[in-house]
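Report on one structure; see the data block that follows.
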Amino acid sequence: MAKHLINYDLCTPGKNYDDLIEAIKAYEGWAKICKSCWAVSTNSTDTQICNNLKQYMDSNDVLFVCPFNDWASLNLSKAVVDWLNK
């Protein structure tokens, strides 16, 4: 399984994005990196992830998905670092 980074900007103030978060958490494995940045572990491609998540977003929201292997961080929680190191 590959790890993919998901970043988004949600541009509609006050909108409930719980469905988007639940869709991200539905992948085989996940970690919340920052406020609007997640990592998922899945066999899905970046395009498949993007197509899946866009249904939970408004037309003015921004979504970026990319694979990653190497990474560096500052002040991430131990649980997130442990997950990323799997």
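The values are calculated or read from the model by the stated rules, or taken from the named source; none is laboratory data. It should be emphasised that the depicted structure is a prediction, and the values quoted were computed from it without experimental measurement. For neighbour counting, all protein chains shown are included, and Cβ atoms are generated from backbone atoms with ideal geometry for every residue, glycine included. The protein model used for the area step is the full one, side chains on, heavy atoms only, and it has no ligands, DNA or RNA in it. Shrake-Rupley method; radii C 1.70, N 1.55, O 1.52, S 1.80 Å.
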* Asked: Label 7 Å along Cα→Cβ of Phe64; the range 1-20 residues with amide nitrogen under 16 Å?
  -> 4-11
* Asked: Given the options Lys15, Lys25, Lys54, which has the most mean-square fluctuation in a GNM of the chain, springs set between C-alpha atoms less than 10 angstrom apart?
  -> Lys15
* Structure fact -> Amide H contacts under 5 Å for Asp61, restricted to residues at least 5 apart in sequence or on another chain and with H modeled in the peptide plane, are Cys11
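I'd like to check one number: the per residue accessible area of the chain, probe 1.4 Å, reported in Å² as a whole number.
Working: 5480 Å² over 86 residues.
Accessible area per residue: 64 Å².
Determine the dipole magnitude for the chain: charges of +1 sit on the beta-carbon of Lys and Arg, -1 on that of Asp and Glu, nothing else is charged, the reference point is the Cα centre, and the result goes in debye to the nearest 20.
Details: 8 positive and 10 negative charges, 48 e Å.
That gives the chain a dipole magnitude of about 220 debye.
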* Specify the residue with the greatest mean-square fluctuation among Ser73, Ser44, Ser59, computed from a Gaussian network of the chain linking alpha-carbon atoms under 10 Å apart. => Ser73
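For the chain, which whole-number percentage of the solvent-accessible area (1.4 Å probe, protein heavy atoms only) is attributable to carbon and sulfur atoms?
51 percent
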* Spit out the partnerless Cys residues in the chain, using Cβ distances under 4.7 Å as the pairing rule. => Cys11, Cys50, Cys66
